[in-house]
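These notes are about the structure you will find just below.
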Amino acid sequence: MLSGDVTLRNARVHGTHLGAPVAPLMGAADAGGFYRADIALRGGMIATVTPAAGDAGGCGPSSDLEGPDLEGRIVFPTLVDCHTHLDKGHIWARQPNPDGSFGGALAAVASDSAANWSADDLSARMDFALRCAFAHGTSALRTHIDSQSPQDAISWPVFEQMRATWSGRIDLQGVCLVGIEALRDEAGFAALAQRVKAAGGVLGAVTYMVPDIEALVDRIFVTAMELGLDLDFHADETGDPDAMSLRIIAQAALRRGFGGRVNVGHCCSLSRQPDAEAGRCLDLVAEAGISITTLPMCNLYLQDRRQDGTTPRWRGVTLVHEMRARGIAVAIASDNTRDPFYAYGDLDMIETYRMATRILHLDHPTGDWPAAITDAPARVMGIDAPQIAAGRSADMILFRARSWTELLSRPQSDRIVLRGGAQIDTTLPDYSELDPLMEPSE
Ligand SMILES: O=c1cc[nH]c(=O)[nH]1
């Protein structure tokens with residue numbers, strides 16, 4: 001077991017995980033953007049990060065290097081998952097999606113939440129999911145919380161309890177999730193916004209093209225400004241090119257001069273629109289300083305799902321390269337886990353990044369995409385980005401891989417996770433633990 005004051009010698013650290021001031025001091029990066037580094041851990045913190053002493057051209061101190069020689073294996077900081085749904089997680093066995101469609105998911109979740117989402121049920125499933133995320137190396141996570149009444153009164157206290165229980169291991173944030181039409185009930189939404197504010201949460205909604213969409217989006221911005229809350233939307237999770245609520249969100253942010261953070265997830269329909277139309281929308285998103293979160297696994301699963309036995313023709317994901325070209329911050333996140341919106345998943349951000357690389361072509365070159373699971377989601381959440389940098393807690397993941405092809409070809413089930421410099425137990429919870437919760441409801 002790794003722990004104590006050691007130096008991890010001859011590690012490979014990606015430039016985006018070192019932090020801007022450090023990378024230029026580290027010598028030359030390899031073709032994958034990795035630097036060879038010696039990482040000294042003292043008292044649970046990273047004391048120094050220096051060019052690997054044994055590396056050609058390295059200039060780091062070599063005399064007091066005690067600790068394992070990683071022989072060029074990759075070290076990541078811990079990871080940030082900024083868009084999940086802990087409240088729905090792991091219900092698949094009792095409430096599957098009958099046909100894998102978006103509509104099927106909505107109906108299945110509505111039925112399961114009405115029948116089963118007690119405080120005990122939510123707590124057990126959320127804790128299970130967080131133990132998975134922790135074992136995989138996640139240190140911060142934002143969850144959306146279905147917040148239609150009366151579920152909000154059950155789910156938000158559970159979330160607050162979970163956040164306290166997990167404090168110091170996973171930094172938890174909550175966002176309320178309601179359909180945008182819920183804002184027609186002004187008093188009801190005002191009460192929900194106060195609940196979210198009291199919990200230190202973020203205001204959110206699912207946006208789609210209802211006739212009064214502009215007024216409703218405007219209302220959520222006004223509410224967020226009055227209460228000093230950030231915003232996080234689900235927008236345009238459809239292949240319908242006429243779904244343009246992302247543009248309406250950007251226009252509202254600009255019109256209102258919104259000073260908080262705005263993040264928008266999904267935005268699938270953008271990639272079904274003519275290039276010029278999508279480009280105009282993205283110019284507004286860039287101008288408004290909005291960040292985007294792409295959810296490639298869930299979108300691949302739900303979008304273009306056909307009921308006629310034919311094969312899907314598009315990948316369901318948004319225009320991430322066009323966004324980055326405009327300087328828009330793009331985060332990658334897990335989304336749903338073993339629920340009717342996504343039958344699979346384990347809150348493993350390495351799986352998510354591996355899938356994102358294939359689905360979104362985040363390779364050849366990799367460029368700064370590794371920041372999409374550390375720096376970019378940390379910005380979405382307004383927290384410090386995990387980094388391999390002096391003065392940071394020694395929170396990191398060690399892989400038995402030396403290049404992107406080695407890292408992304410295997411599930412990395414044998415990864416070592418250090419928290420505060422000590423190796424944690426990465427044994428995943430057993431699914432059978434959930435069996436008592438999975439009896440189908442009457
Ligand atoms: O992808 C989605 C959309 C809405 N609600 C979810 O839980 N997931």
key: GNM top mover of Trp314, Trp156, Trp92 - the chain, alpha-carbon springs below 10 Å   = Trp314
query = How much length is gained if the chain between Arg280 and Ile383 is pulled fully straight, taking 0.36 nm per residue apart and subtracting their Cα-Cα distance, in nm to one decimal?
reply = 34.1 nm
note = With +1 at each Lys and Arg Cβ and -1 at each Asp and Glu Cβ, the charge dipole magnitude of segment 79-381 around its Cα centre, to the nearest 20 debye, comes out at 420
inquiry  = Counting only Cα atoms, I'd like the Rg/Rh figure for the chain, Kirkwood definition for Rh.
reply    = 0.97
key: Additional length obtainable on full extension of the chain from Asp308 to Thr405, 0.36 nm per residue less Cα span   = 31.2 nm
query = When the dipole is taken about the Cα centre of segment 211-351, and only Lys, Arg (+1) and Asp, Glu (-1) are charged at their Cβ, what size is it in debye, to the nearest 20?
reply = 240
query = Which of Ala394, Thr84, Ile290 sits farthest toward the positive end of the charge dipole of the chain, with +1 on the Cβ of Lys and Arg and -1 on the Cβ of Asp and Glu?
reply = Ala394
inquiry  = With a cut-off of 8 Å between alpha carbons and a minimum separation of six or more residues, what is the relative contact order of segment 171-266 in percent?
reply    = 29
ask   = Picking from His266, His321, His14, which is most flexible by a Gaussian network model of the chain using Cα springs under 10 Å?
value = His321
inquiry  = Given an 8 Å cut-off on Cα distances and at least 6 residues of separation, report the relative contact order of the chain as a percent.
reply    = 23
remark   = Scoring segment 224-333 by relative contact order with C-alpha pairs under 8 Å, at least six apart, yields a percentage of 28
Segment 226-319: trypsin sites (Lys or Arg not before Pro) in DSSP loop, at most 10 other beta carbons within 10 Å = Arg313
query = If the chain between Arg42 and Ala107 were fully stretched, how many nm would it gain, using 0.36 nm times the residue separation less the Cα-Cα distance?
reply = 18.2 nm
note = Expressed in nanometres to one decimal, the distance between label points 7 Å along Cα→Cβ at Ala114 and Leu428 is 3.3
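Taking every DSSP beta bridge with both residues inside segment 79-381, roughly what % is antiparallel (nearest 5)?
5
Placing +1 at every Lys and Arg Cβ and -1 at every Asp and Glu Cβ, with all other atoms neutral, what dipole size does segment 279-333 have around its Cα centre, in debye to the nearest 20?
In total the dipole reaches around 140 debye.
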remark   = In deg cm²/dmol, rounded to the nearest 500, the helical mean residue ellipticity at 222 nm of the chain, built from -39500 (n - 2.57) for every DSSP H run of length 4 or more, is -10000 deg cm²/dmol
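All of the numbers you see were taken from the coordinates with simple rules; none came from a lab. Everything quoted here is computed from the prediction, not taken from an experiment. Counting neighbours? That spans all protein chains shown, and the Cβs are built from the backbone with ideal geometry, glycine included.
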